[in-house]
1. So for each of 184-195, 244-255 I average, over its residues, the number of other beta carbons within 10 Å; can you give me the resulting order with the highest mean first?
2. If you average the C-alpha positions of segment 129-144 and of segment 488-564 separately, how far apart do those two centres end up, in angstrom?
3. Pairs of Cα atoms under 8 Å, at least six residues apart: use those to get the relative contact order of segment 316-386, whole percent.
4. For helix 216-225, what angle does its Cα long axis make with the longest principal axis of the chain, in degrees from 0 to 90 and rounded to 10?
5. Once you place label points 7 Å from the Cα toward the Cβ at residue 150 and residue 475, how far apart are they in nm?
6. Would you kindly state how much longer the chain becomes between residue 253 and residue 6 on full extension, computed as 0.36 nm times their sequence separation minus their alpha carbon distance, in nm to one decimal?
7. To the nearest 10 degrees, how steep is helix 378-404 against the longest Cα principal axis of the chain, on a 0 to 90 scale?
8. If contacts are Cα pairs under 8 angstrom and at least 6 residues apart, what is the relative contact order of segment 338-443 in percent?
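Taken together, the values in this text are just the output of simple stated rules run on the coordinates, not laboratory data. Here the structure is a predicted model, which is why all the values come from computation and not from measurement. Here the Cβ positions follow ideal geometry from the backbone for every residue, glycine too, while neighbour counts run over all protein chains shown.
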């Protein structure tokens, strides 16, 4: 049936020196379906020839000396029916353009006229990832040569994970943004990190500088191997850890009280009711509010009261906008909700006054009032007020620390434009941190310190020496070259964010942990394809990737894929984990 629909192409052996085709006979024929970008889908019929008079030319191995088509062999390696262009096209769609399997299936058919099953797409995509990783490791010397010509590299190291599973440790060149190495390790302990550092040093030599996060394992491994190398700790991670240690206890307690009072949940329910009522009464909330803002006359006073009630409720519920997309401890969303409830009480008084004078319905505004005044009734008032006061004090100290480190107030992470600083700014940071440390030390000495001051002082004593460091000057081809050292591992964090974001686009949020465990390390390396310099150094152009990775022997690729699948088996519930577990599954 397939033969009727798909063209059949015969492949004969090419002419052989000193051998006449008249002397050859057909040994056998084989067929396989081929999928190519250039010729689409066809059936390749391979005709094998041999010399009857020399059937066993190699008497030692007793093998038939047969002649096959080298053209077909060059088209695909091994027994695969897919050319490397198809493998690359599938992998690029899946992991660079972040298409789902179904979207990739449709795109491959639309662009190239090839029918691929979703299972085939998974297999080809994995082969692409494995081949890319193998090519990266086998030609790593090309990256090393480039880095040495430019004066060296700055090593950035950080780990990530999802779902409480293994960690992915990424080693990155922070000058060029290249992922040098990415490995899955059980945890960020020194014993697992040190061998990876040693392997990189053996390949690329010592880095010019080392920038790391606050992890104990990275700290110990770095001290052991990079004791003579300039080391910086990520300023952002330092700020985050100090802020969490300062504010977590009080913030979580305030959040716990606010959640128990059901302020947010009840306001959200009420807003839905108000929205439904507005549609029933045909009140255009947007138009009415716009008229009020422009001081335009509105004839229906009931619509005015209703609209103001709705927008007050929405304004309180939109408390997260004060976070400016920052996360705790850079922002305190539940504190913002508490303050908006406080401010909303004054607004309610004005709305009630207007509604009473107009003899309008006040049932909904009264309901809002009952909800937002909960944090200010009975013993709750004192508890929340005290927590808010303590958090205000802690946040002020947090802002002092931000100012000393020259981290913009309106940014949680250090922005790209503020990632590199001059030697003068670095010196200013060191002076500011010393002043802050001396101030806190004096408070502790005089027994007038607060708990948050003691926490920040402890962090400064432990990590202060690695927060500020001058930039480097190296000699390249007889000329001095200035190399700026980033004060954060934002590039590494951004790489992890790119990988997680791409996974969510392909598979959805619920499978992020599973996909990160499976492909995270490979995807961190693959992100290098977004670097034009990396592509030029390794492949010369993006179009040459398929030719480059095709030269890796198929046997080595198959072995690597098998090892990869065996390593990932523990993440799959369908893989054997012992007789007892299968018995349990059968019973369930």
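1. Highest mean packing first, the order is 244-255, 184-195.
2. One Cα centre to the other: 11 Å.
3. That works out to 24 percent.
4. Between the helix axis and the principal axis of the chain, the angle is about 50 degrees.
5. 2.2 nm
6. 82.0 nm
7. 60 degrees
8. 18 percent
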